[in-house]
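As structure tokens, the structure follows; a few thoughts come after it.
The values are calculated or read from the model by the stated rules, or taken from the named source; none is laboratory data. Given the structure is predicted, the values throughout are model-derived calculations rather than measurements. Counting neighbours? That spans all protein chains shown, and the Cβs are built from the backbone with ideal geometry, glycine included. Surface areas here come from the heavy atoms of the whole protein model, side chains and all, with no ligands, DNA or RNA. Shrake-Rupley method; radii C 1.70, N 1.55, O 1.52, S 1.80 Å.
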Amino acid sequence: MNNYDIAIVGGGHAGIEAAVVSAKLGLKVALISLEKNKIGLMSCNPAIGGLAKGQLVREIDALGGAMGKIIDAAGIHFKMLNTSKGPAVQSPRAQADRLLYAKQAQLIISSYSNIDVVEDMAIDILIHSGRITGLGLLKNGQLKTKAVVLTAGTFLNGIIHVGTNKLSAGRAGELPARGLTESLLLQGFQSGRLKTGTPPRIHRDSIDYSKIEIQEPDKNPQPFSYSTESIKREQINCFITYTNNETHEILREGFDRSPMFTGRIQGIGPRYCPSIEDKIDRFADKSRHQLFLEPEGFNNNEIYVNGFSTSLPGDIQERAIKTVPGLEQAKLIRLGYAVEYDFFPPDQLIHTLETKLIENLYFAGQINGTSGYEEAAAQGLIAGLNAALKIKELPGFELKRSEAYIGVLIDDLINKIHKEPYRMFTSRAEFRLLLRQDNADMRLMEKGYELGLIDHKTYQKLQNKKNQIVEIKEKILPGKLSPRQFVDAFSEKSNAISQPQSIKDLLKRPELSLKELMTAGGFNNGFVDASILEVEYAIKYEGYLQRQNLLIEKFNKAEKKLIPINIEYKNIRSLSTEAREKLIKIRPHSLGQASRISGITPADLSVLLIYLEKHKSEIVPRETSI
Amino acid sequence: MFSEDTIISTITPVRGGSVCLLRVSGKDAINITCKYFKSNSLSNMEGGRFYFGKFVDDKNEVVDEVIIYVFKKPKSYTGEDVIEISCHSNIFILEEIINLYLNNNCRIAEPGEFTKRAFLNNKIDLVQAEAVADLIASKSKASVKNSLNLLEGKLSKLINSLKKNLIDVGSLLELELDFSEEDLEIISRDKFFDIMESSISIVNSLLDSYDSGRELQKGIEILIAGKPNVGKSSLMNSLLQKDRVIVSHIAGTTRDLIHEDIVMDDTLVRLIDTAGIRFTSDEIEAEGVTRAKKFLETASLILLMIDLSSEIDNDDLDILNSLVHKKSNSLIIVGNKSDKEANIKTEEYLSKLEIDKIKISAKEETNISELKRLIIRRIKRNEKDLSEDIILTNKRQYDVLNRLKKILNDNLKSFKSNQGFEFIAVDLRLAIETLSEITGEISTDDILNNIFSNFCIGK
């Protein structure tokens, strides 16, 4: 019973994906969690998706991950963002019922007979000749395992701050995990401190709804998972209100007791998700800040005050929040707090998320310095998958920056210096036009299916979509509309035509969509929207996509220039000292990767390239795992 | 990074000699050369040999008589197929030849690139190579410093501000795309237009300055133009004060461009005497005529000579008409043969033109010093213009900016047609990347950092 293929430390969003993917590959999995019933808990805001993050969830799903299915079952407010913009920047987002979400996650975990949930705390790692052999557990002693995926979130030496009070905790009301960081430091790992925060929760019956704006969910909610047919759950509203100068004055009174401003918190917080005190300090001229009031569930009294993350003293939080329209009588159920935690700078990992120092040890999620459930889940999936593949002696799995947001995420993590928690943005993806939320299946599902992570029915859906795309391209696009048909359908919005014209040509008019054209020509029989969109996109934005493809070709060329594993950077005298140190630390596997390392200059790259070409015959080529 | 494309560059100084050497290296070096090099002795280009012949352009018009050295790989400096062309050291000839190669998928060699290739192809050893690597780095620094000194840092500043403008636009686009849920001030499209339009106008003015920049590099060129036998060679001799040009009264004596460098009031000036511009049946002369016409377009200053003693004719008008679009400060009409009786019609015609004019007699050398003063005033005026602007002198920078111009114009078009920001962002990145070829690198981090420092983000 005490002998596993893979042990996963932590049952958060990364841990769940790591457990599910390795279980799907038939391995014996131990999921170690401090409390069984906290698995899948959303510790910060009760929402999944959002810009760029929604793309991540779709990609996770296309590779057989769990997150999309869980939110489809637990979502209570679905919204497709940026619908007024192009497909490449639209993203799904959904508020979740926090309890339902955790329950659904636990249900999925328990559906795999080869996952054992072990309620315990990992305090030590066991190593034999550079390879992981097991874990030391606080209650159950030693656990033998071939691989470990560490997904400890904010629990490693977590400290919670509210005003001048601080206590050791991984999350409100939960113990931190200790010992593990120290045992990793002993092995030579480097760690750092980061900080994140969460806002207060208020009672939903204490809100004056007449004074706040209503934000309605989509009428026709779009599921995250390619296997979900439709969203059946009832949908509820969210709300918007604003802070004002009075709020800001009160918050300022608490600055001398702020753990941030008084230097009690050493860790660096994210600039894109700042605390309210940070916002009013940095943007002093802004007279108001937007707040989203997000219900945490159908039967949950808590309302999450999104935008009001704070670690100011409790009395200040309470007084300040009562100055906000609609919240005058607000009852605080829980105070906002900041949490400081250990992370391991991810330049200690390779693309599979295995550590460079210890074989078969993988890191995923917030301990790699990321923020966000989706970023964590994506890493959990990749780490778990690679751990499983390695045990099965199969080649590792990596995604390129041109293939997926997941590829961008991991590549950025292991190559760049991160001074704040890393969050995904669409602008981080240089090939954004191709990485759409709606084509994650086209990009990744074949890979998922080949790995055995996608069920047959879902795969069949993809084949159907692909067939339809071919059919539309070959049969529908050359089809012509007569001037009569055209005028009947589009007299209001498009200039008439004098000769019959093909749908393909007419599609170049920005005001016309493929679906409308197909309907006008009587061609629309049984095609799904996803297939139509795919074709429309390729035709309408041909020029831009071509230019994007040029950039990708350039990118791929550099990726194919492999750097041998036995290269001795210290022998290359012309490299700058900084570049040499970075290259020795990161050990890039291609010239392309080297070019993305923080601090490597174009001059360094030329020197490196010259050295490589010169020593072509003397160095052992690297085995490629892709 | 190192592609096997074909590169070309001069390998001897362009100025200060009668012959200049060009090197072409890469897989198409021989193919392209065969297309333009005509020689009787050339049936099959053999390595290690040289060939004499004519270099012609796409219209089969002779550019220059040259000697071509053929080096087949690996027996060459770079280890690739190499052609070296020994041609006359004239900037026009050089540019013409280089442009013919550039039109055939060849590109200008980066500094040190021949040596870099030599190393990559095992032609030189490691010690040399590391020295080269250092050299490559130091060379670019030196050239940056060079430009800084030359331009008092103005160009770098301008390029950086251009880049900053584009990063700002990029940030606004990304902000709109990545943070549209947030409560942000709405960004006006007018602001995009303003920034894009001002960027394009900066690029345009830089490109425009390239001609003046070339002047700075190669000196000021004064072209003496006019129909045959109007007295161009005599004028040149008067200006030079020596018998340099063969003068005869038979039209068409000066069959080619003849040039002389003189110093006028501390400025180096190149006087160029053209073949008379007129229709001719003589093939060799026709070539000179074509070239003279072309140089009318590029010269800093043109002295257009008209014979005051005979009636103005179609040949005169042809030249005049082809010059009216020139900036007025680059043209002076020189009425010659003031020693003879003036033709009334010609005088009348000229008096109507709003162009600076002077009457001289090249033969009698009357009014020559007045003409010199006029020329000097013009040169000074042009120089003053130059000192107020930022001047582009580097061909590579010019090429990069030319590409940038096209990308920016596409970008503006996309804006105007209300294209989605994510599409515009692709071209904008392309633009920033292109600009970075001049100044260094940028990453997506630049854009995000810019966003974070300027906007309040975060729910």
*Give me the net charge of A:MET121's neighbourhood, meaning all other residues with Cβ under 15 Å from the Cβ of A:MET121; Lys, Arg count +1, Asp, Glu -1.*
-2
*Quick one: which residues, 5 or more positions from A:ILE123 or on another chain, have an amide H under 5 Å from its amide H? H modelled 1.01 Å from N in the peptide plane, none for Pro or chain starts.*
A:GLY136, A:LEU137, A:LEU138
*How do B:SER188, A:SER111 stack up against each other in accessible area, from largest to smallest, with a 1.4 angstrom probe?*
A:SER111, B:SER188
*When the Karplus curve 6.51 cos²θ - 1.76 cosθ + 1.60 is applied with θ = phi - 60°, which whole-Hz ³J(HN,Hα) does each residue of segment B:222-227 get, with x for Gly and Pro?*
10, 9, 9, 10, x, 5
*In what order, largest first, do A:LEU335, A:LEU81 sit by accessible area if the probe radius is 1.4 Å?*
A:LEU335, A:LEU81
*asked:* I want the local charge near A:ALA73. Using Cβ-Cβ distances under 15 Å, sum +1 for each Lys or Arg and -1 for each Asp or Glu among the other residues.
replied: 0
*Going down the table (A:LYS195/A:LYS416; A:LYS540/A:LYS560; A:LYS390/A:LYS447; B:LYS35/B:LYS72), which pairs top 22 Å between alpha carbons?*
A:LYS540/A:LYS560
*For segment A:472-568: relative contact order, % (alpha-carbon pairs under 8 angstrom, 6 or more apart)*: 24
_Testing the spin-label approximation: label points 7 Å from Cα along Cα→Cβ at B:HIS88 and A:THR83. State their distance in nm._
7.3
_Taking the full set of protein chains and a 1.4 angstrom probe, give the accessible area of B:TYR69 in square angstrom, rounded to the nearest 10._
80
*If you plug each phi of segment A:296-310 into the Karplus form 6.51 cos²θ - 1.76 cosθ + 1.60 with θ = phi - 60°, what whole-Hz ³J(HN,Hα) values come out, in order, with x for Gly and Pro?*
8, x, 5, 10, 10, 7, 7, 10, 8, 8, 5, x, 10, 4, 7
*asked:* Amide H of A:ILE333 versus every other amide H placed in the peptide plane: which residues, excluding those fewer than 5 positions away on the same chain, fall under 5 Å?
replied: A:ARG201, A:ILE202, A:HIS203
_Exceeding 22 Å between C-alpha atoms, which entries from my cross-link table qualify? They are A:LYS53/A:LYS554; A:LYS53/A:LYS419; A:LYS85/A:LYS515; B:LYS227/B:LYS359._
A:LYS53/A:LYS554
*Pairs of Cα atoms under 8 Å, at least six residues apart: use those to get the relative contact order of chain A, whole percent.*
16
*Enter the mean number of other protein chain beta carbons within 10 Å of the beta carbon of each residue in B:414-424, as an integer.*
4
*Identify the trypsin sites (Lys or Arg not before Pro) of segment B:40-79 meeting these criteria: DSSP loop state and at most 13 other C-beta atoms within 10 Å of the C-beta.*
B:LYS59, B:LYS75
*asked:* Distance cut-off 25 Å, Cα to Cα: go down the list B:LYS27/B:LYS116; A:LYS79/A:LYS232; B:LYS191/B:LYS413; B:LYS27/B:LYS163 and report the pairs above it.
replied: B:LYS27/B:LYS163
*Over the Cα atoms of segment A:561-614, what Rg and Dmax result, in angstrom?*
9.5, 25
*Between A:LYS493 and A:ASP529, what is the FRET efficiency for a Förster distance of 22 Å, r being their Cβ-Cβ separation, to the nearest 0.05?*
0.60
*Are there trypsin sites (Lys or Arg not before Pro) in segment A:194-230 that DSSP puts in a loop and that have at most 11 other Cβ atoms within 10 Å, and which ones?*
A:LYS219
*Largest first, how would A:ARG436, A:ARG423 line up by accessible area (1.4 Å probe)?*
A:ARG423, A:ARG436
*What percentage of the solvent-accessible surface of segment A:456-545, computed with a 1.4 Å probe over protein heavy atoms, is contributed by carbon and sulfur atoms?*
50
*Of the trypsin sites (Lys or Arg not before Pro) in segment A:363-421, which ones lie in a loop per DSSP and count no more than 16 other C-beta atoms within 10 Å?*
A:LYS392, A:LYS419
*Quote the FRET efficiency, to the nearest 0.05, computed for A:LYS286 versus A:ARG319 with a Förster distance R0 of 25 Å and r equal to the Cβ-Cβ distance.*
0.80
_Check which residues have an amide H placed less than 5 Å from A:SER371's amide H, if you skip close sequence neighbours._
A:TYR422, A:ARG423
_For segment A:431-456 versus segment A:55-123, the gap between their alpha-carbon centres in whole angstrom_ = 16
*What stretch of chain A, leaving out the sites themselves, is the longest with no GluC sites (Glu not before Pro) in a DSSP loop having at most 14 other Cβ atoms within 10 Å?*
A:36-228
*If you plug each phi of segment A:328-345 into the Karplus form 6.51 cos²θ - 1.76 cosθ + 1.60 with θ = phi - 60°, what whole-Hz ³J(HN,Hα) values come out, in order, with x for Gly and Pro?*
4, 9, 4, 9, 7, 7, 9, 7, x, 8, 10, 10, 10, 8, 7, 9, 10, x
*What is segment A:356-447's relative contact order, in percent, from Cα pairs under 8 angstrom and six or more apart in sequence?*
27
*Report the accessible area of A:LEU357, computed with a 1.4 Å probe over the heavy atoms of all protein chains in place, in Å² rounded to the nearest 10.*
90
*Long-range tail of P(r) for segment A:456-545 (Cα pairs > 16 Å, %)*: 52
